[in-house]
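Let me begin by presenting the structure, written as structure tokens, before commenting on it.
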Amino acid sequence: ENGITTSMSRKGNCHDNAVIESFHSSLKSELFYSQEKQIHSTSTLKQLIHDYIEYYNTERIQEKLNYLSPIEYKKQVA
């Protein structure tokens, strides 16, 4: 329905999911734990997650990109 494919890691191998686990940690700490208000609807939750993903993929400064945002990093390497 939403075009999402389920993916399972190998049993007992935490390294298979290291990238997404790191993302989920950032999502929870930066979005949910910092919320002063409770989220009362699924549509609000979906919009918050969508906005965070957009922010994460474009503006958020990331250590792995030499402390640049993805947009700044792309400009630098272009």
Legend entry - Single residue of 33, 55 found to be of a type in the set (Phe, Trp, Tyr), surrounded by 10 or more Cβ atoms within 10 Å (Cβ to Cβ) and free of Cβ contacts under 8 Å to residues at least 24 places away in the same chain: 55
Legend entry - Close pairs (6 angstrom Cβ cut-off, 6 or more residues apart or separate chains): free of Cβ contacts under 8 Å to residues at least 24 places away in the same chain in the range 39-50, surrounded by 12 or more Cβ atoms within 10 Å (Cβ to Cβ) and among the β-branched types (Val, Ile, Thr) anywhere: 45/39
Inset, instruction - Give the number of residues within the range 37-51 that are at pLDDT 90 or above, surrounded by 10 or more Cβ atoms within 10 Å (Cβ to Cβ) and not in a helix (DSSP H, G or I). - result: 0
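The values are calculated or read from the model by the stated rules, or taken from the named source; none is laboratory data. What you see is a predicted model; the values in this text were computed from it and never measured. Positions of Cβ are backbone-derived with ideal geometry, glycine not excepted, and every protein chain shown enters the neighbour counts.
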